[in-house]
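*Asks:* First the structure, which I've put down as structure tokens, then a few questions once you've had a look.
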Amino acid sequence: MEEFYSIAMLISIGTFALTSATTPGPNNIMLLSSGLTFGYKKTIPHISGIVIGFPLMVLLIGLGFGVVFEKFPVLLSGLKIVGILYLFWMAFKIARNTGTYDVEESEDSKPFTFLQAATFQWVNPKAWIMAITAISIFVSANENTVFQVIVISMIFFLTAIISSNTWAFGGVVLKKFIKDESMVRKLNIIMAILLVASVLPIIFE
């Protein structure tokens, strides 16, 4: 592997991936809320969707899918608008979570499915920034480009496992210290506000 990437470069990629994956963002805030509201077991499909969906997104962008958006920037702008509106809607849904495990039986409040979490990556502004930044910085222009993209995607896969589980478990642990369900709802409202705040820099960039 050192023929393509030095140990120092792999550490650099890993540091970037882990840091960007674990910092607060739409995925992590929603995982925290899901762990808090539904518990870890019910959040596993959400975790799995991120763990598979984001590295796959990085892989596809690195293999040339991102060129489409370079040639047609209006598509990326449209996707950004859709993503922001979707995040606002998700913030509203999170704020409405009642804080009881029975909530998952209602139509209005359910944990993410695997497919929802995986496809959400494509309208997640932070995911786009992370993927494009990683590819532009760590992929060099040579005959080993495909292998480099695969390595980057694998590193993001590993860091996604760590990050997603950490945030979901964080929600579970947080709920153990809260006995009043009204407090859970208040925390969900706070997380809904944080979710909106996480995309404000993108709106006003």
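*Asks:* Among the residues of segment 32-42, is any in contact (Cβ under 8 Å) with a residue 60 or more places away in the chain and more than 13 Å from Lys175 (Cβ to Cβ)? Walk me through how you get there before you give the answer.
*Replies:* As a first pass, look at segment 32-42 and keep what is in contact (Cβ under 8 Å) with a residue 60 or more places away in the chain: 32-40, 42.
Retained after the next criterion (residues that are more than 13 Å from Lys175 (Cβ to Cβ)): none.
No, segment 32-42 has no match at all.
*Asks:* Kindly indicate whether Ser12 is of a type outside the set (Lys, Arg), under 30 Å from Phe92 (Cβ atoms) and in contact (Cβ under 8 Å) with a residue 60 or more places away in the chain. Before the answer, list the steps.
*Replies:* Working: of a type outside the set (Lys, Arg): yes; under 30 Å from Phe92 (Cβ atoms): no; in contact (Cβ under 8 Å) with a residue 60 or more places away in the chain: yes.
Taking the combined requirement at face value, the residue does not satisfy it.
A short reminder: the numbers here are calculations on the coordinates, not readings from a lab. A quick note: this is a predicted structure, and the numbers were derived from the prediction, not measured. All Cβ positions, glycine included, derive from the backbone under ideal geometry; neighbour counts span all protein chains shown.
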